[in-house]
Each structure stands twice: as structure tokens, then as C-alpha cells.
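Below is one structure, written out as C-alpha cells; the observations come after it.
FYI, it's all coordinate maths here, none of it is from the lab. A quick note: this is a predicted structure, and the numbers were derived from the prediction, not measured. Every residue, glycine among them, receives a Cβ derived from its backbone with ideal geometry; neighbour counts consider all protein chains shown.
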Amino acid sequence: MAEETKPSLTQILDEFDAETERIKLQTENDELRRKLEKIERNRDDILMEKRVLEGKHGKALRGTETELHISKTDMLDPMKYRAMKELAARQGRQLRVVDEEGEEKKVSPVKFVDDPDRGLLYANRRLMRELGIARLNQIAAERNRQLQFYGSVDDLPEYLHQKHFELATGKDRDARLEVPNG
């Protein structure tokens, strides 16, 4: 009869230590693989952003899970804006215009800013959703003005900033949009 050999306690502990070390290394390997995948995705995003900024199709790194950010300067370039808008739509994200430092601009609460010297009526972009472009064009025509849109005070000519401030802080509540509490 063959003699059964029982592993010694030392052998069992050595095997246990080896298995523990293998599991630990596998866990570290999995974590490093996840980090590498994230770095590769970020690299791909940066390369794609570069292509967008060069006027090629792609996607930008800046933004959040629900938003894709584009600078005001890039928004003024039709190719870049179109590419970013298409990308945002494909990804199911909103395209948001941010200033050059990447900070979101504060949205103006003022409905209209009149510039009689230049014959312009600046309408808040949010009014497009409320009234529609046709109605806003009608309002501008009634005032004998050309219609322009703005979203924040930074979009207005500098000489209108004081007038905007007065409208935003004045007592005429009809001059301001209803801003939801948040």
C-alpha cells in the first residue's frame, strides 16, 4: 500500500501565502489595467480635441458626462462649432459655451438691452425659447431696431455694460426674466 503523505503545516502556510500573493498581484494588475485604460481614453480625447481645434471632426475633452464645452472663440469658427455640435448630438450631450478660462458665463437676467445709437436691440437668448425668433423680430421691428442676441453681459459691447447693470438691478421687474430658484 502506498503511504499517503500529508502536507506539513509549513507547506500549507507556504501555499496559502503564495495564493494570497497571487490574488494580491492579480488585484493590483486589474487596477493598473483600469488606470491604463482611463489614461488611454484621456489620450484619445486629447487627440480628438486637437483635431476639432484644427477643424477636423472629433470630440473635446472639456465638459462633463452631460455637457460638452466649447469656448466662445471656438464657437465663432463655423467648422469647429459644427463639429462640436454634431459630436454633442451623437453623444447625447448638451453643447455649452464657456469663456476662455473654461469658466461658465453667468447668464443675464435682462430681457432686452436697447442700443439706439447703433439701431440694435439685444435680446436675451433665453427669450428665443419663450417667444420665438419671429416674435422677437417683430418686437425689434416695432422699435425700428435690428435684432441681436446675447447670453451674458460679456456678449454685449462694453459701452452697454452699465446700462445692462442698471436694468439687472433696477426696480422694473418686467425688464428681467423669471429666474427659477436653484
Cβ-based net charge around I133, under 14 Å, with every Lys or Arg adding one and every Asp or Glu removing one = +3
Cα-Cα over 25 Å, subset of K35/K72; K38/K106; K80/K163; K35/K106; K106/K171 | K35/K72; K38/K106; K80/K163; K35/K106
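Can you tell me the order of 74-81, 118-125 when each peptide is scored by its average per-residue count of other Cβ atoms within 10 angstrom, highest first?
118-125, 74-81
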Solvent-free Debye scattering, log10 I(q)/I(0), computed from the Cα coordinates of segment 76-172 at q = 0.11, 0.21 Å⁻¹ | -0.40, -1.17
Sorting L131, G119, G170 by the position of each Cα along the dipole of segment 112-175 (Lys, Arg +1; Asp, Glu -1; all at Cβ), the one nearest the positive end of that ordering is L131
